[in-house]
Amino acid sequence: MKIKKGDTVKVITGKYKGTIGEVLECLPKEEKVIVEGVNVAKKHMKPSQQNPDGGIVEKNMPIHVSNVMAYDSKSKKAYRVGYTTEKNGDKVRVYKGTNTKIK
């Protein structure tokens, strides 16, 4: 997966199309990511020692990685992610549209 934890992404399809958020977690075996504020579900929690009150909690649910694109905040556009090697031999992720480094 080319999207990593901490990346800013834009949702390109579905109910949350156009939403921009940060990746909170990556699930590479399932090819899914959890994005802040996207695909929020309400879960009914039973009282427990960690949560003695219980109640209804909002939880970010995973979406498929193909439904998001890396978002460049400088150019305000979403791009595909590619890899290049620098002169010192380091492999670096770049935005394919502008060839600028990601972080």
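The values are calculated or read from the model by the stated rules, or taken from the named source; none is laboratory data. Because the structure is a prediction, the values reported are computed rather than measured. Here the Cβ is made from the backbone with ideal geometry for all residues, glycine too, and neighbour counts use every protein chain on show. For accessibility, only protein heavy atoms count, side chains too; no ligands or nucleic acids. Shrake-Rupley method; radii C 1.70, N 1.55, O 1.52, S 1.80 Å.
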- prompt: Separation between the Leu27 and Lys103 pseudo-spin-labels, each 7 Å from Cα along Cα→Cβ, expressed in nm?
  reply: 2.1 nm
- line: Taking 0.36 nm per residue of separation between Lys96 and Ala41 and subtracting their Cα-Cα distance, the length gained on full extension comes to 16.5 nm
message: Only sites in a loop by DSSP and with at most 13 other Cβ atoms within 10 Å count here; which GluC sites (Glu not before Pro) in the range 3-103 make the cut?
response: Glu30, Glu31, Glu86
13 Å reach of a label modelled at Ser73, 7 Å along Cα-to-Cβ, counting backbone N of the range 16-55: 20-23
task: Please calculate how many Å² of accessible area the chain carries per residue, with a 1.4 Å probe and no DNA, RNA or ligand atoms counted.
output: 72 Å²
- line: Counting only protein heavy atoms with a 1.4 Å probe and every protein chain in place, the carbon and sulfur fraction of the accessible surface of the chain in whole percent equals 49 percent
- request: Let me have the relative contact order for the chain, percent, based on Cα pairs under 8 Å that are six or more residues apart.
  value: 22 percent
